Amino acid sequence: GTIAERCQMMAYLCYSIFLCGIVYPACAHAFWSANGIFSAFAKEPLWGTGVIDLAGSGPVHMCGGVAALVMAIVLGPRRGRFYDDDGNVLPEPVPMGPHSVALQFLGTFALWFGWYGFNPGSTLFIHSAQLGDVASLVAVNTTLGAAAGALSGMFTSTLIDERKTGVYTWDTTAAMNGCLTGLVAITAGCATVEPWAGFVIGLVAGWVYLGASALILRLKIDDSVDAIPVHMFGGAWGVLATGLFSNPYRMELAGYATGNLGWFYEWGRGSGNFTLMGIQICSILFVFGWTVVMFTPFCYVLKLLNWLRIDPLEEEVGMDLSRHKGSAYQSDDISDKAKNEFYSSRRKIQMDLSTSGRRKSSKNSAEAEPKAESVGGSEHAAEEAA
């Protein structure tokens with residue numbers, strides 16, 4: 001989603017194969033394998049505990065968010081987003097909103113519903129009362145994290161707009177992305193934090209989203225759907241929050257070692273032990289470093305092969321029209337001049353292909369005729385000899 005509206009389909013296919021086949025498996029192995037360097041389920045977990053991330057705030061969401069960040073930087077922004085046609089910086093980024101808020105909401109609720117399989121399903125078993133309690137807590141925290149993120153995202157955005165403009169506005173996009181950031185953040189600690197902490201994690205996640213979204217705009221990184229703030233920043237906050245709020249009772253029920261607790265609980269028992277928090281921070285650095293190191297050269301290879309970005313004219317008329325044989329919705333933003341130029345360029349390509357095909361056909365026919373004459377001459381000579 002981050003690189004929508006300017007990326008070739010070939011790049012999407014290569015991106016997906018490389019991310020799912022090479023980059024993500026290494027992160028998943030490090031977090032969850034019995035031999036993983038950060039795994040809490042290894043024979044000798046790192047520093048006696050290992051990382052706590054039940055369903056993937058780090059290896060799933062943050063990994064994908066960092067990959068999106070690298071691709072967005074290498075690919076560059078959409079035309080007219082931060083710069084004019086002459087390359088001059090615009091005073092303000094040009095808003096490029098969605099074409100259907102209704103579909104946005106539908107997608108958000110579909111994701112939220114799917115999270116109840118993603119998070120509670122990551123407990124793997126519910127064949128005992130203990131694991132049933134864990135799965136039910138995960139479902140409750142998932143709900144609270146999402147709801148709190150939506151509330152803090154929308155109402156904080158409203159207050160910020162009121163301070164800037166003097167008018168109260170209600171940003172549905174902030175509510176939806178705040179909700180998704182809350183879901184991403186609660187994914188790591190949903191089995192090891194109390195419901196009140198799940199609500200707090202979601203509440204902060206809405207603020208994390210707003211701050212991260214403003215930051216990437218300031219850095220002129222073009223994210224079409226704000227996936228980087230949601231997944232990279234939300235995932236990092238989720239892993240950190242787990243290191244703050246994990247309590248001994250919930251950790252034991254979920255099968256984690258209780259030698260090192262969440263930092264707030266360590267302070268509560270008067271120790272200030274930073275071990276679990278340190279493991280969580282190291283795991284974040286690992287995901288970020290591994291993904292950047294692997295994905296950066298990959299993106300530049302795609303760019304070198306000219307498989308990354310579409311033609312500027314195709315981008316101007318839109319990929320629905322230029323690459324998918326028809327617009328998904330009516331848009332007045334595409335000028336008739338751009339459409340005419342696009343159709344003319346396509347007709348020229350077709351004519352060139354047609355001319356090339358005729359030339360090839362003529363060449364093949366010309367090569368075939370002498371062979372036919374030669375065969376005929378041989379037959380005539382044979383008749384005379386007879």
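Here are some notes:
- Wholly enclosed helices (runs of 4 or more DSSP H) of region 123-225 bearing at least 1 residues among the charged types (D, E, K, R): 129-165, 195-218
- Members of region 255-266 found to be without any contact (Cβ under 8 Å) to a residue 12 or more places away in the chain and in a helix (DSSP H, G or I), listed by number: 266
- Scanning region 184-230 for residues that are among the polar types (S, T, N, Q), in contact with a Ser or Thr (Cβ under 7 Å, 6 or more places away or on another chain) and open to solvent by 10 Å² or more (accessible area, probe 1.4 Å) returns a single hit, 224.
- Subset tally (residues that are of a type in the set (Val, Ile, Thr) and touching a residue at least 60 places away in the same chain (Cβ under 8 Å)) for region 131-190: 7
- If the condition is being out of contact with any helix residue (DSSP H, G or I) (no Cβ under 9 Å at 6 or more places or on another chain) and among the hydroxyl-bearing types (Ser, Thr, Tyr), then region 54-99 contributes only 83.
- Residues that are among the polar types (S, T, N, Q), within 26 Å of the chain's Cα centre (by Cα) and surrounded by fewer than 23 Cβ atoms within 10 Å (Cβ to Cβ), drawn from region 148-170: 156
- Looking only at region 212-254, and only at residues there that are of a type in the set (Gly, Ala, Ser) and free of Cβ contacts under 8 Å to residues at least 60 places away in the same chain, the one that is farthest from residue 71 (Cα to Cα): 241
- Summed over region 6-22, the residues that are surrounded by fewer than 16 Cβ atoms within 10 Å (Cβ to Cβ) and out of contact with any Leu (no Cβ under 9 Å at 6 or more places or on another chain) give a count of 8.
- When residue 73 is tested against the conditions (1) more than 17 Å from residue 225 (Cβ to Cβ); (2) open to solvent by 60 Å² or more (accessible area, probe 1.4 Å), the lone failure is (1).
- Residue check, residue 318 over 18 Å from the mean Cα position of the chain (by Cα), farther than 23 Å from residue 26 by Cβ and not β-branched (Val, Ile, Thr): yes
- From the options 233, 295, residue that is outside any loop (DSSP other than H, G, I, E, B) and open to solvent by 50 Å² or more (accessible area, probe 1.4 Å): 233
- Among residues that are open to solvent by 20 Å² or more (accessible area, probe 1.4 Å), modelled with pLDDT under 95 and among the acidic types (Asp, Glu), residue 315 is included.
The values are calculated or read from the model by the stated rules, or taken from the named source; none is laboratory data. As the structure is a prediction and not an experimental result, all values here were calculated from the model. When we count neighbours, we look across all protein chains shown, and the Cβ atoms used for this are built from the backbone with ideal geometry, even at glycine. Quick note on the areas: whole protein, heavy atoms, side chains included, nothing else; ligands and nucleic acids left out. Shrake-Rupley method; radii C 1.70, N 1.55, O 1.52, S 1.80 Å.
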